[in-house]
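The values are calculated or read from the model by the stated rules, or taken from the named source; none is laboratory data. A quick note: this is a predicted structure, and the numbers were derived from the prediction, not measured. Ideal geometry is used to build each Cβ from the backbone, glycine not excepted, and the neighbour counts take in all protein chains shown.
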Amino acid sequence: MNPLLSVADLSIAVGQGGREIVQRVSFEVAPGERVGIVGESGSGKTQAARAVIGLTPAPLVQSGGSILFDGIDIAKADAATLRTLRGARIGMVFQEPMTSLNPSMSIGRQLDEGVALHRRDLDVKARTQRILSMLARVGIRDPQAAMQAWPHEFSGGMRQRMMLASVMLLEPALLIADEPTTALDAVVQRDVLELMGALAREQNTALLMISHDLPMVACYTDRIVVMEKGQVVESGDTPLILAAPRHPYTRKLLDAMPRRMPARPPVAEAPLVEVRNLVVDYAGRRRLFSRSAGMRALKGIDLQVRPREVVAVVGGSGSGKTTLGRVIAGLLKASSGEVRFRGQSIRRGSPGWRDYRMNCQMVFQDPYSSLDPRMTIGQLVGEGLRFMPQLDGRAKRMRLDEVLTEVGLGSEYASRYPHQLSGGQRQRVAIARAVVRRPAFVIADEPVSALDVTVRAQVLSLFAQLQEKHGFSCLFISHDLSVVEQVADRVIVMREGEIVEQGGRDGIFDQPRHAYTRRLLQAIPALAPNGMGGVSLRWRLEGEPSD
């Protein structure tokens, strides 16, 4: 069978004669085949995929090789030819659906745009019916209402379903999915990928998946291409590559996967932080003559975090886990209930409030948006030392140098700005900001969700070392169960603002009692070491019925 897509010796450079960021990359995709491209950030996998659809951004240029799609040379195709291919023959689902969907257009108009351009044989009524059928197919409960709605009115999972609907409406021969589930929770992630696979099979669409999520690539692809620093270092059938990787870089990626560490003995001391019957209500949206119904985001939450303990909070999008973290950090006000620190009730303006705020620090999900771009790294990290009168100027400079060294950056980074650092380095800065005061309690909200596998492993190792060295307690909020399995002492499972199950990590992962916990665990595949330097794919709680 002739390949649908043939990429041969593809090279992409920064301007004519500039540095090559993609070097002699070759791979093929047959009709209906599923191929995954994996690698760290900066490996060139996204640029190689974008070149297939002629979306290489300036100043990058294709400096060598060829891309043949169904016999058409993409590099030599004119603008008119590319317009006929994009959407109709090659579809692409981008990493962040909110930036791909036009916020000023309704969902219906956006979905109709491509169909009207490429299917001139359909009138308005036929196009509308086609869109409604596809929205229903991707799991939108009220397709008619969804067509009138706007992108911001939907969750990340729903927006990704709509992006998938817009692409599959035209029944392309090739679907390129660039990190399609990065920011989605486990259940939504599996739903989207299962849906993508089902639609591709129904329409015999080939799939090119770009991802750093090795378990998902292992589960949903037939062949895998491993890229490092712009080059293909290994490729072949997915099960064979994962079971017996030949290249050191592939083994490095697999070794960086989170692993369950031995359980630490439970802490018997009194709670450091305690939450009692915490309730958060959001008021409804004001309309012209009325107000819509409000929402209760947290419904009477009780939890404890003991000294030196890591308590993980997991759950799907909208479960209330981030709201819980922000209330405990004092960034949101609770409607009722209380937060206690070292046995004392903490409220804004209370005697213990200042001590608590100094001892409670937070690591946010996106370090780039939480770091002031106008401040140097030294200023950002040193800001936390302003209210420490016991440290003079020299002592503060020593503490700053010490913490930058602890997080693996070094004092030479103090003069740099956030935009000059990689994502992993920015997350190290965010962690340095949180621990520079030597706090008693740290809240980490999805601290590694946007990092690739090796950087994630480095940041998790760093976090564990700092927690062991300084002895702070941690509330670790995450939707990535494999990460939670590595770092947590206890696990709290939330759903729709309530705690449905909590207990020791091993008990939650090995013997979950609640149906929702089992559903979360069953939603994501895992890669288990096979004893031969590779891994094998397995599903958690195999053999149990899924709710």
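Quick look at the values:
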{"read-out": "Residue selected from segment 303-318 under the condition over 28 Å from residue 188 (Cβ atoms) and within 28 Å of the chain's Cα centre (by Cα), by the criterion surrounded by the fewest Cβ atoms within 10 Å (Cβ to Cβ)", "value": "304"}
{"read-out": "The one condition in (1) of a type outside the set (Gly, Ala, Ser); (2) more than 21 Å from residue 247 (Cβ to Cβ); (3) modelled with pLDDT under 95 that residue 20 fails to fulfil", "value": "(2)"}
{"read-out": "Of all residues making up segment 262-305, the number that are touching a Pro at 6+ places or on another chain (Cβ under 7 Å), at pLDDT 90 or above and aliphatic (A, V, I, L, M)", "value": "2"}
{"read-out": "Subset of segment 140-158 [free of Cβ contacts under 8 Å to residues at least 60 places away in the same chain, surrounded by 15 or more Cβ atoms within 10 Å (Cβ to Cβ) and within 20 Å of residue 199 (Cβ to Cβ)]", "value": "140, 143, 146, 147, 154, 158"}
{"read-out": "Flag for residue 499 being outside the structural domain of residue 217 (by TED's automatic domain parsing), at pLDDT below 85 and of a type in the set (Val, Ile, Thr)", "value": "no"}
{"read-out": "Odd one out for residue 464 among (1) surrounded by fewer than 21 Cβ atoms within 10 Å (Cβ to Cβ); (2) at pLDDT below 90; (3) under 22 Å from the mean Cα position of the chain (by Cα)", "value": "(2)"}
{"read-out": "Pairs with Cβ under 7 Å, 6+ apart, first in segment 508-519 and in a loop (DSSP other than H, G, I, E, B), second at pLDDT 95 or above", "value": "512/501; 513/501; 514/493; 514/500; 514/501"}
{"read-out": "Segment 319-342, residues that are under 29 Å from residue 261 (Cα atoms) and surrounded by fewer than 19 Cβ atoms within 10 Å (Cβ to Cβ)", "value": "326, 342"}
{"read-out": "Output for segment 28-62, where each listed residue is assigned to a strand (DSSP E or B) and surrounded by fewer than 20 Cβ atoms within 10 Å (Cβ to Cβ)", "value": "28, 60, 61, 62"}
{"read-out": "Test: residue in segment 225-241 that is outside any loop (DSSP other than H, G, I, E, B), out of contact with any Ser or Thr (no Cβ under 6 Å at 6 or more places or on another chain), touching a residue at least 60 places away in the same chain (Cβ under 8 Å) and among the hydroxyl-bearing types (Ser, Thr, Tyr)", "value": "yes"}
{"read-out": "Test: residue 388 is farther than 27 Å from residue 339 by Cα and of a type in the set (A, V, I, L, M, F, W, C)", "value": "no"}
{"read-out": "Residue match in segment 346-366 (condition: surrounded by fewer than 15 Cβ atoms within 10 Å (Cβ to Cβ), within 23 Å of the chain's Cα centre (by Cα) and either modelled with pLDDT of 90 or more or more than 25 Å from residue 270 (Cβ to Cβ) (or both))", "value": "no"}
{"read-out": "Criterion (farther than 13 Å from residue 431 by Cα, surrounded by fewer than 16 Cβ atoms within 10 Å (Cβ to Cβ) and either in contact with a Leu (Cβ under 8 Å, 6 or more places away or on another chain) or modelled with pLDDT under 90 (or both)) met by exactly one of 398, 388, 375", "value": "388"}
{"read-out": "Residue 175 being crowded, with 21+ Cβ neighbours inside 10 Å, at pLDDT 90 or above and touching a Ser or Thr at 6+ places or on another chain (Cβ under 8 Å)", "value": "yes"}
{"read-out": "Single residue of 157, 139 found to be touching a Ser or Thr at 6+ places or on another chain (Cβ under 9 Å) and assigned by TED's automatic domain parsing to the domain that holds residue 217", "value": "157"}
{"read-out": "Filter result for residue 410 (assigned by TED's automatic domain parsing to the domain that holds residue 322, of a type outside the set (A, V, I, L, M) and out of contact with any Ser or Thr (no Cβ under 8 Å at 6 or more places or on another chain))", "value": "yes"}
{"read-out": "Condition check for residue 345: in contact with a strand residue (DSSP E or B) (Cβ under 6 Å, 6 or more places away or on another chain), outside the structural domain of residue 192 (by TED's automatic domain parsing) and farther than 27 Å from residue 482 by Cβ", "value": "yes"}
{"read-out": "Matching entry among 533, 497 (being of a type outside the set (D, E, K, R) and either without any contact (Cβ under 8 Å) to a residue 24 or more places away in the chain or buried (at least 20 other Cβ atoms within 10 Å of the Cβ) (or both))", "value": "497"}
{"read-out": "Filter result for residue 110 (modelled with pLDDT of 90 or more, over 26 Å from residue 181 (Cβ atoms) and in the same structural domain as residue 231 (by TED's automatic domain parsing))", "value": "no"}
